[in-house]
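What follows is a set of notes on a single structure, which appears directly below.
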Amino acid sequence: MDCHSQERLSAHHICRKTFLGAAQFDTGNGITLCRTCHREAHAGFNGRPDMSLPVDAQGGEKLASMERLYSILLDDAIERGRMCEEYYFLSDEVLGFLKVLQGFDPKTYFPGSRLERAYLILAEPELQMRQAIAGANGFSFGEQPLLPGGVMIVFDDEKDRSQSSILQARWGRL
């Protein structure tokens, strides 16, 4: 989806407008793709989603693709020195919706610009899945995001293998 072609371009909503109408006119929810990449992004289900089903049950949301497209948009904004809300705006409603998709409370803190937050939210492991895997291994991460740049210290000593033996420092805070 990032072929860098400059021919036969199409505008694409990263978060489908039929999935979240509030994102339709947010400038941070659009990306330009070549026609082939645009077709690939719409491959599979492309109708109105049944919101009673789990996310992506019909194959239309493609959360991993959304994460990738926000990553491409973010990289482009940084490379061009255009990281500003005017060009890459995403509403609180859209960001809150993405948080809920990943299992977080809409008020959960994610750092950075709105575009950076969209990427970080979608790059997070889904909260319930993360908790289930951690619990199956005898520990917990809690309900806060596991943001990049954090430090995790795990003591290998079996007697210290408790929830309190896992320390995390995120974004300079311990």
Quick check on my filter: what residues within the range 134-152 are modelled with pLDDT under 90 and among the aliphatic types (A, V, I, L, M)? Ala134, Leu146, Leu147, Val151, Met152
Residues (under 15 Å from Thr27 (Cβ atoms), of a type in the set (A, V, I, L, M, F, W, C) and either in contact with a strand residue (DSSP E or B) (Cβ under 7 Å, 6 or more places away or on another chain) or outside any helix (DSSP H, G or I) (or both)) located in the range 84-104: Cys84, Phe89, Leu90
Anything in the range 116-138 that is within 11 Å of the chain's Cα centre (by Cα) and more than 18 Å from Gly21 (Cα to Cα)? List them, or say none. Glu116, Arg117, Tyr119, Leu120, Ile121, Leu122, Ala123, Glu124, Pro125, Glu126
Per-region count, the range 82-104, residues over 22 Å from Lys17 (Cα atoms) and either under 15 Å from the mean Cα position of the chain (by Cα) or not assigned by TED's automatic domain parsing to the domain that holds Gly28 (or both): 0
When the range 1-31 is checked residue by residue, the ones that are surrounded by 14 or more Cβ atoms within 10 Å (Cβ to Cβ), without any contact (Cβ under 8 Å) to a residue 24 or more places away in the chain and more than 26 Å from Val100 (Cβ to Cβ) are none
Can you name the residue in the range 83-111 that is of a type in the set (Phe, Trp, Tyr) and more than 18 Å from His13 (Cα to Cα) and is also surrounded by the fewest Cβ atoms within 10 Å (Cβ to Cβ) among such residues? Tyr109
Can you tell me which residue among Ala77, Ala118 is touching a Ser or Thr at 6+ places or on another chain (Cβ under 9 Å) and part of a helix (DSSP H, G or I)? Ala77
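The values are calculated or read from the model by the stated rules, or taken from the named source; none is laboratory data. These numbers come from a predicted model, not from an experiment. A quick note on method: Cβ atoms are made from the backbone with ideal geometry, for glycine too, and the neighbour counts reach across all protein chains shown.
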